[in-house]
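Everything below concerns the one structure shown next.
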């Protein structure tokens, strides 16, 4: 039997808390529940209870939306691809794609800097 967590417990665990009042931001979880079909809490006496699997899904959503700055629709698309791991070893993972993208952008920037060093100074000294 898996353990169930109240909505406030999940909010506090994921650090979805108002910094001033220290109150949990439960409305964010309720909104994500409407947007993401993967989140289906059990409702008992009109209270939401989330399983550990649900909390893991919500953790992924928070990572994508809050930490990485993705849109809700972008996060939906990624979750629909059933990417389960966010690690470096899985070739289909987010971090691997993100790292490859960053690596390519870094190489392009370094090449541009090298070209500027080679040709930029010669051209700027003539004018």
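The values are calculated or read from the model by the stated rules, or taken from the named source; none is laboratory data. Values in this document were obtained by computation on a predicted structure and should not be read as measured data. When we count neighbours, we look across all protein chains shown, and the Cβ atoms used for this are built from the backbone with ideal geometry, even at glycine.
Quick notes on this structure:
- Residue selected from the stretch 26-40 under the condition out of contact with any helix residue (DSSP H, G or I) (no Cβ under 6 Å at 6 or more places or on another chain) and over 17 Å from residue 80 (Cβ atoms), by the criterion surrounded by the most Cβ atoms within 10 Å (Cβ to Cβ): 28
- The residue list 59, 34, 40 contains one member that is within 20 Å of residue 3 (Cα to Cα) and outside any loop (DSSP other than H, G, I, E, B), which is 59.
- Every condition in (1) assigned to a loop (DSSP other than H, G, I, E, B); (2) surrounded by 10 or more Cβ atoms within 10 Å (Cβ to Cβ) is met by residue 10 except one, and the failing one is (1).
- Among the residues of this structure, residue 23 does not count as one that is surrounded by 15 or more Cβ atoms within 10 Å (Cβ to Cβ) and modelled with pLDDT of 90 or more.
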